[in-house]
Amino acid sequence: MLNIFRMVGDVSHLASIIILIHQITVTRSISGISFSTQSMYALVFATRYIDLIFRWVSLYNFLMKVFFIGSSVYILHLMKNKYRSSDNAKLDTFPWQYLIGGSAVAALITTYSYSITEILWAFSLWLESVAILPQLDILQRTGEAQGITTHYIFALGLYRAMYIPNWLYRYFTEGRVDWLSVVTGVIQTALYSDFFYIYYTRVMRGLKFELPV
């Protein structure tokens, strides 16, 4: 069910992807953008929205799923093919394999039922909660980022943060809550906490985004 929190979260998610694609195509560069993070987001969407092929929920739901899957594949195409020469692979070295493996184990432990779709759903939630780590690692190692990159990360973080009150709202209005979504959402939001603080104290005041290297 749609509510103000989910709508703000969805708009923020859409905005983050549009900002990223705009940055890549306008600057014709993927400098400072983690291919590992984008690959994991593509995997998140592919596993979460596998029900697209056999279950209809609504037109809104269908269009959002198609957009997220399609845009993630397009971003990978831009990064791996069209603008591959501008990639600084030396910075994108976070051990992403552990994130995928850990998410798979967590999914098997926390899934609501041992069906393929439920396990993949749980896996997608755990993986999404940590997929930003390679991108944050690049920021930490360089100490700075283009302004538009910080807007992308902020919008992405805001999307997941808004899903926490969304589930709480549903708990008080519908009497139900998806605790797995809440827990993974809290973890993901916590990973953004330092970024949010620096974004607020510097970027929103017109200053350059800088992290201690």
Run the quick spin-label model on His77 and Tyr169: label points 7 Å from Cα toward the beta carbon, then report their separation in nm to one decimal. 3.4 nm
From the residues Ile75, Trp121, Leu158, which one has its Cα farthest along the dipole of region 4-210 in the positive direction, the dipole being from +1 and -1 charges on Cβ of Lys/Arg and Asp/Glu about the Cα centre? Ile75
For region 4-210, averaging the sequence separation of alpha carbon pairs under 8 Å that lie six or more residues apart and dividing by its residue count, the contact order in percent is 31 percent
For region 36-153, max minus min Cα coordinate along each principal axis, in Å, sorted largest first? 42, 32, 24
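Given a Förster distance of 35 angstrom, what is the FRET efficiency for Thr25 paired with Leu108, based on the Cβ-Cβ distance and rounded to 0.05? Don't skip to the answer; put the middle values down first.
Numbers: r = 39 Å, r/R0 = 1.12.
With R0 = 35 Å, the Cβ-Cβ based efficiency is 0.35.
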May I ask for the distance between the Cα centers of region 59-107 and region 163-187, given as a whole number of Å? 25 Å
List residues of region 162-193, by number, whose backbone nitrogen lies under 18 Å from a label position 7 Å along Cα→C-beta of Phe67. 162-163
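Hey, can you rank 48-59, 69-80 by average C-beta count inside 10 Å, highest first?
On the way: 48-59: 12.2, 69-80: 16.2.
Per-residue mean Cβ counts within 10 Å order the peptides as 69-80, 48-59.
Return the ratio Rg/(2.2 N^0.38 Å) for region 4-210, where Rg is computed over Cα atoms only.
Details: Rg = 17.0 Å, N = 207, 2.2 N^0.38 = 16.7 Å.
Compared with the compact-globule rule of thumb, region 4-210 sits at 1.02.
Bear in mind these aren't lab numbers, they're just calculated from the coordinates by the rules spelled out. In this text the structure is predicted, and so the values were computed from the model without any measurement. As a convention, Cβ positions derive from the backbone with ideal geometry for all residues, glycine included, and neighbour counts pool all protein chains shown.
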